[in-house]
Amino acid sequence: MEQSIESFIKNLVRDTIVHTLGELQIQSDRQTYVIANWKMNNTLSTTAEFFQKINSSKDVSVVVCPPTQLLYPAHLFIKQFGKPIHLGGQNVHWAEKGAYTGESSTNMLKDVGCEYVIIGHSERRQFAGEDDDLVNLKVKQTIKDGLIPIICIGETLGQKNSMQAEHVLSTQLVGALKEIDSSNLIIAYEPVWAIGTGQSATAELSQQTHAYIRSVLKQILGEKADQISILYGGSVNESNAAEYSAMPDIDGVLVGGASLNPQSFDGIINVFAKGEQR
Ligand code: PGA
């Protein structure tokens, strides 16, 4: 029997709504993050200036990771200026407490207002000898204590050139997530050759790599993998941010150099707040 025009239109409207809601569902499943990694930069006064100038958006979770000494002042400035900005550490120890000179525990980070912590940044892997086992211990302690780990993975230029990137990334993921059954974590894909070099990975390459990372996460965590935000990091700035934000598997960015300048960092937040064509 032929469909009446009326029922044809009804069905069309219903299909469009279902499709749109489906898309919205896909988009809203994962949180979008713009995260600042200040590394060993800034002072009390530049920290105050930063939080005074920076804007935030309800559509994006903005997380700032200052050096340890600036965490508590940063927490106070965030409160003082009334900004919905979250705080993260740049590193944490795997033990609850004890004789570990110069280290900070998860409880100490929480005490000064942190909700997040970067783990396994390539600079720490390189300069502090952090390997996947140590990263795994830190991730476990962090999740156990209710902080969200931002787990950094990435291949070096040599590994990329010798077609080892996927092997390196999957090894780092499997190592970091050993005995972990939680989606309460963030993955940051930071190709070592792109960090601080101005040679950012193209958005297309990052998208491909993020899709690969998600496929590995699926093997490790099953369906939970769909809820995990995967961020890109490595020479992100105001000019290239829009390319990343348009990619379906890039759920935000981890920003080093460009996060030291409040205007630039604000520009990046704005790009992700608009959501571009995601
Ligand atoms: P970059 O650093 O933005 O300066 O390249 C990124 C990072 O190391 O997290």
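With viscosity set to 1.567 mPa s at 4 °C, what whole-number translational diffusion coefficient in µm²/s follows for region 124-213 from Stokes-Einstein and a Kirkwood radius over Cα pairs? It would help to have the intermediate numbers written out before the result.
Numbers: Rh = 13.8 Å.
Result for D is 94 µm²/s.
May I ask for the net charge around PHE50, where only other residues with Cβ less than 15 Å from the Cβ of PHE50 are counted and Lys, Arg are +1 while Asp, Glu are -1? Spell out each step's value before the answer.
Details: positive: LYS39, LYS53, LYS79, LYS83; negative: GLU49, ASP266.
Net local charge, PHE50 excluded: +2.
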*Select from region 88-124 those GluC sites (Glu not before Pro) which occupy a DSSP coil region and have at most 12 other Cβ atoms within 10 Å, ordered by residue number.*
GLU96
*Of PRO262, ASN42, LEU205, which is farthest on the positive side of the dipole of the chain, counting Cα position, with +1 on Lys and Arg Cβ, -1 on Asp and Glu Cβ, and the Cα centre as origin?*
ASN42
*Between the DSSP loop rule and a limit of at most 14 other Cβ atoms within 10 Å, which GluC sites (Glu not before Pro) in region 177-262 are left?*
GLU179
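Keeping all protein chains in place, calculate the accessible area per residue for region 83-185 (probe 1.4 angstrom), answer in Å². Show your work: numbers first, answer last.
Values: 4930 Å² over 103 residues.
With the other protein chains kept in place, region 83-185 gives 48 Å² per residue.
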*Answer with one residue from TYR116, GLY175, VAL135: the one whose Cα lies farthest towards the positive end of the charge dipole of the chain, charges on Cβ with Lys, Arg +1 and Asp, Glu -1.*
TYR116
*Where the centre of each part is set by its Cα atoms, how far does region 133-171 sit from region 206-255, in angstrom?*
14 Å
_I want to verify a result. In a Gaussian network model of the chain, Cα cutoff 10 Å, which of these has the top mean-square fluctuation: ILE119, ILE54, ILE150?_
ILE54
_Nitroxide proxy distance, nm - points 7 Å out along Cα→Cβ at GLN31 and GLN199_ = 3.4 nm
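Could you work out the relative contact order of the chain, using alpha carbon pairs under 8 angstrom and six or more residues apart, expressed as a whole percent? Show your work: numbers first, answer last.
Values: 508 pairs, mean separation 53.5, N = 278.
About 19 percent, as a whole number.
Rounded to two decimals, what is the ratio between the C-alpha radius of gyration of the chain and 2.2 N^0.38 Å?
Details: Rg = 20.1 Å, N = 278, 2.2 N^0.38 = 18.7 Å.
In units of the 2.2 N^0.38 Å rule of thumb, it is 1.07.
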*Under 16 Å from a point 7 Å along the Cα-to-Cβ line of GLU179: which residues of region 119-158 have their amide N that close?*
132-145
*Most mobile of ILE180, ILE213, ILE85 per a Gaussian network model of the chain (Cα springs, under 10 Å)?*
ILE180
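Take every Cα-Cα pair in region 163-238 and report what % of them are more than 14 Å apart. List each step's numbers first, then the result.
Values: 1743 of 2850 pairs.
Considering region 163-238, 61 percent of its Cα-Cα pairs are separated by more than 14 Å.
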*Rounded to the nearest 0.05, what FRET efficiency is calculated for ALA128 and LEU44 with R0 set to 25 Å and r the Cβ-Cβ distance?*
0.50
*Using a 10 angstrom cutoff on alpha carbons, build the Gaussian network for the chain and name the most mobile of GLY82, GLY154, GLY113.*
GLY82
_Sum of -39500 (n - 2.57) over DSSP H runs of 4+, divided by residues of the chain (222 nm, nearest 500)_ = -13500 deg cm²/dmol
_Residue-span extension gain [ILE220 to LYS83] - 0.36 nm each, minus C-alpha spacing_ = 45.7 nm
*For the chain, give the percent of accessible area contributed by carbon and sulfur heavy atoms, probe 1.4 Å, rounded to a whole number.*
53 percent
*For labels at GLU115 and TYR72 in the simple 7 Å Cα→Cβ model, what's the distance in nm?*
2.2 nm
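Can you pull out the chymotrypsin sites (Phe, Trp or Tyr not before Pro) in region 38-108 whose DSSP state is coil and whose Cβ has at most 12 other Cβ atoms within 10 Å? Working shown, then result.
Values: sites: TRP38, PHE50, PHE51, PHE77, PHE81, TRP94, TYR100; in loops: TRP38, PHE81, TRP94, TYR100.
Of the chymotrypsin sites (Phe, Trp or Tyr not before Pro), the ones in loops of region 38-108 whose Cβ has at most 12 other Cβ atoms within 10 Å are TYR100.
The values are calculated or read from the model by the stated rules, or taken from the named source; none is laboratory data. What you are looking at is a predicted structure, and each value in this text was computed from that prediction instead of being measured. All Cβ positions, even for glycine, are placed from backbone atoms using ideal geometry, and neighbour counts span all protein chains on display. Side chains are part of the model used for accessible areas, which takes the heavy atoms of the whole protein and leaves out ligands, DNA and RNA. Shrake-Rupley method; radii C 1.70, N 1.55, O 1.52, S 1.80 Å.
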